[in-house]
Amino acid sequence: MIPNLEIPIAGGLDVPLPKMALVRQRFDDSKLSDVGQAVRAQMQRSDVQEQVRPGMKVAIGAGSRGIANIAEAVKATVQGLKQMGAEPFIFPAMGSHGGATAEGQQALIESFGICEDYVGAPIRASMETVQVSELDDGTPLHIDRIASEADGIVLINRIKPHTTFRGRIESGVVKMVVIGMGKIQGATLMHWQGMDRFPEVLPDAASRIMAKVPFLFGIGMIENAYDQTAYVEALLPETLIEREMELLEIAKKRMGRLLFSNIDVLVIDQMGKEISGAGFDPNISGRNNRGVEGFGDPKVQKIVVLSLSEKTKGNATGLGVADVITRRLYDAIDYSSTYANIITSCYLDGALVPIPMASDREAIQLAVKTLVRVIRGEERIVRIQDTLSIETISVSEPMLPEVENHPELSILENPEPFGFQQNGILPPMF
């Protein structure tokens, strides 16, 4: 618990805040009407069916957070494998998530709706790994022990821009082969390489692992800007890397973003691991850990985060990217879970604690107070619920002329004061 601090601030914090207006951003909203059927159709392809023999025990790996329809995709994969005569089971392929314990990972995967009763296959969770290969520099490559003992492995993951590096391979099935299946042991060893090298290291490592284990296929999923499944494809091992590169380009085009180049203060109502692996997605906020290149659109002076989501269970990974937080967020942090994630990533600044203020009002006022070269009354403030929810946002009155001139933006409600409650807390946006 942080102490009550009397902070000497020249002129105090009683700075006026501009009125805010609700604004809609429009993106391509095409999506799949039946994700399960789309997955089953992919598994009926002859080249996929050739990978599976009757009686095979097949390990299905899943585990990334925040994926739309992931339980439906897993269920359809189980059904497809059973129709081919295989005996599937589920294992968490999530690196160090879930507090880096088998119990935590099983509970986490079940929280996604991936339960035996629903998907039709048991879950077998373990943090034990085996080394199956190594890189040229001697770095060991590990995978989940239980998965290594299966007759075949299938991985299901979303393909999307990563939150910490840029390259032709970012977040997807390839990364899950190396880091998700590697548990905390494999993930830690890979992160030693540095994420700036991931675009080269991940494909190399994945190729070496797939050469040593019975990897059957992956199910790659792409989402639109509204967090809806827009596309799925079964990816075979011999073409996985090249095809994922192509799908990543499609995913980047489908992803939502804030349609403003310059923002003075970005207010984020909540952050969490189920929202983004980085707590709040740098692809939306334009800011990442120190020294990480490839981000910066939009340009944001100050980031304020008001709370942790309930689903993140105290994991505040990515907290250090913000400038100001609130006391209620600070008090909700589970440092054990957060530090397990951060230490595995090797980017320790992701756990630095921003200045915690007593209320939402004071947090936003501090950000406005410390803006550089911004005239009072002209602050460009954007408020979002989280980085997954950016269709309806709130923008400050000085930004409205830009909204009126943008073909993909429209004003939903006229500007109103922030509307803080008596305790200085903001009511939910919706």
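The values are calculated or read from the model by the stated rules, or taken from the named source; none is laboratory data. Bear in mind that the values here come from a model prediction, so they are computed numbers and not experimental data. Cβ coordinates were reconstructed from backbone atoms using ideal geometry, including for glycine residues, and neighbour counts include every protein chain displayed. Heavy atoms of the whole protein, side chains included, go into the accessibility calculation; ligands, DNA and RNA do not. Shrake-Rupley method; radii C 1.70, N 1.55, O 1.52, S 1.80 Å.
Of the residues making up the stretch 327-338, those that are surrounded by 17 or more Cβ atoms within 10 Å (Cβ to Cβ) and among the aromatic types (Phe, Trp, Tyr) number 1. State whether one or more residues within the stretch 288-309 are over 22 Å from residue 362 (Cα atoms), touching a residue at least 40 places away in the same chain (Cβ under 8 Å), assigned to a helix (DSSP H, G or I) and of a type in the set (A, V, I, L, M). No, the stretch 288-309 contains no residue that is over 22 Å from residue 362 (Cα atoms), touching a residue at least 40 places away in the same chain (Cβ under 8 Å), assigned to a helix (DSSP H, G or I) and of a type in the set (A, V, I, L, M).
Please go through the stretch 190-213 and pick out each residue that is in contact (Cβ under 8 Å) with a residue 24 or more places away in the chain and either among the basic types (Lys, Arg) or open to solvent by 50 Å² or more (accessible area, probe 1.4 Å) (or both).
Filtering the stretch 190-213 down to residues in contact (Cβ under 8 Å) with a residue 24 or more places away in the chain leaves 190-196, 198-213.
Within the stretch 190-213, 192, 196, 200, 204, 207, 208, 211, 212 qualify.
Need at least 3 residues that are of a type in the set (A, V, I, L, M) and modelled with pLDDT under 95 per element, so show me which helices (runs of 4 or more DSSP H) inside the stretch 313-383 make the cut, counting only ones lying wholly within it. Full working, then the answer.
Details: elements: 327-331, 335-345, 360-369.
Where helices (runs of 4 or more DSSP H) fall fully within the stretch 313-383 and carry at least 3 residues being of a type in the set (A, V, I, L, M) and modelled with pLDDT under 95, they are 335-345.
Exactly one residue among 266, 258 is part of a loop (DSSP other than H, G, I, E, B), touching a residue at least 12 places away in the same chain (Cβ under 8 Å) and open to solvent by less than 10 Å² (accessible area, probe 1.4 Å), and that residue is 258.
If you go through the stretch 273-284 one residue at a time, do you hit one that is small (Gly, Ala, Ser), in contact with a Leu (Cβ under 8 Å, 6 or more places away or on another chain), at pLDDT below 95 and surrounded by 21 or more Cβ atoms within 10 Å (Cβ to Cβ)? Can you show your working first?
Start the filter on the stretch 273-284 by keeping residues that are small (Gly, Ala, Ser), which leaves 276-279.
Those left that are additionally in contact with a Leu (Cβ under 8 Å, 6 or more places away or on another chain): 276, 279.
If we keep only those that are at pLDDT below 95 too, we end up with 276, 279.
Then keep just the ones that are surrounded by 21 or more Cβ atoms within 10 Å (Cβ to Cβ); that gives 276, 279.
The answer is yes; a qualifying residue exists.
The residue that is modelled with the lowest pLDDT, among those in the stretch 146-170 that are surrounded by fewer than 24 Cβ atoms within 10 Å (Cβ to Cβ) and hydroxyl-bearing (Ser, Thr, Tyr), is 164. Per the listing 416, 379, the residue uniquely farther than 30 Å from residue 229 by Cα and open to solvent by 70 Å² or more (accessible area, probe 1.4 Å) is 416. Can you confirm whether residue 25 is surrounded by 14 or more Cβ atoms within 10 Å (Cβ to Cβ) and at pLDDT below 95? Answer is no for this residue.
Taking the criterion of being open to solvent by 20 Å² or more (accessible area, probe 1.4 Å), touching a Ser or Thr at 6+ places or on another chain (Cβ under 8 Å) and either outside any strand (DSSP E or B) or modelled with pLDDT of 95 or more (or both), would at least one residue in the stretch 50-61 satisfy it?
From the stretch 50-61, those open to solvent by 20 Å² or more (accessible area, probe 1.4 Å) are 50-51, 53-55, 57; that's our starting set.
Filter again for touching a Ser or Thr at 6+ places or on another chain (Cβ under 8 Å), leaving none.
No, because not a single residue in the stretch 50-61 is open to solvent by 20 Å² or more (accessible area, probe 1.4 Å), touching a Ser or Thr at 6+ places or on another chain (Cβ under 8 Å) and either outside any strand (DSSP E or B) or modelled with pLDDT of 95 or more (or both).
Taking the residues in the stretch 339-371 that are open to solvent by 50 Å² or more (accessible area, probe 1.4 Å) and in contact with a Gly (Cβ under 9 Å, 6 or more places away or on another chain) as candidates, determine which candidate is nearest to residue 15 (Cα to Cα). It would help to see each step written out before you state the result.
The initial filter retains those residues of the stretch 339-371 that are open to solvent by 50 Å² or more (accessible area, probe 1.4 Å), namely 339, 343, 346, 348, 352-353, 355, 358, 361-362, 369-370.
Next, from what is left, pick out any that are in contact with a Gly (Cβ under 9 Å, 6 or more places away or on another chain): 346, 348, 352-353, 358, 361-362, 369.
Values: 346: 38, 348: 33, 352: 27, 353: 24, 358: 16, 361: 10, 362: 10, 369: 7 Å.
By that ranking, first place goes to 369.
Counting only residues that are of a type in the set (Asp, Glu), surrounded by fewer than 18 Cβ atoms within 10 Å (Cβ to Cβ) and closer than 25 Å to residue 29 by Cβ, the stretch 233-255 holds 2 of them. One residue stands out in the stretch 80-97 among those that are in contact with a Lys or Arg (Cβ under 9 Å, 6 or more places away or on another chain) and in a helix (DSSP H, G or I): the one that is surrounded by the most Cβ atoms within 10 Å (Cβ to Cβ), namely 80.
Restrict the check to the stretch 174-187 and report whether at least one residue is surrounded by fewer than 24 Cβ atoms within 10 Å (Cβ to Cβ) and among the charged types (D, E, K, R). The answer is no, given that none of the residues of the stretch 174-187 is surrounded by fewer than 24 Cβ atoms within 10 Å (Cβ to Cβ) and among the charged types (D, E, K, R).
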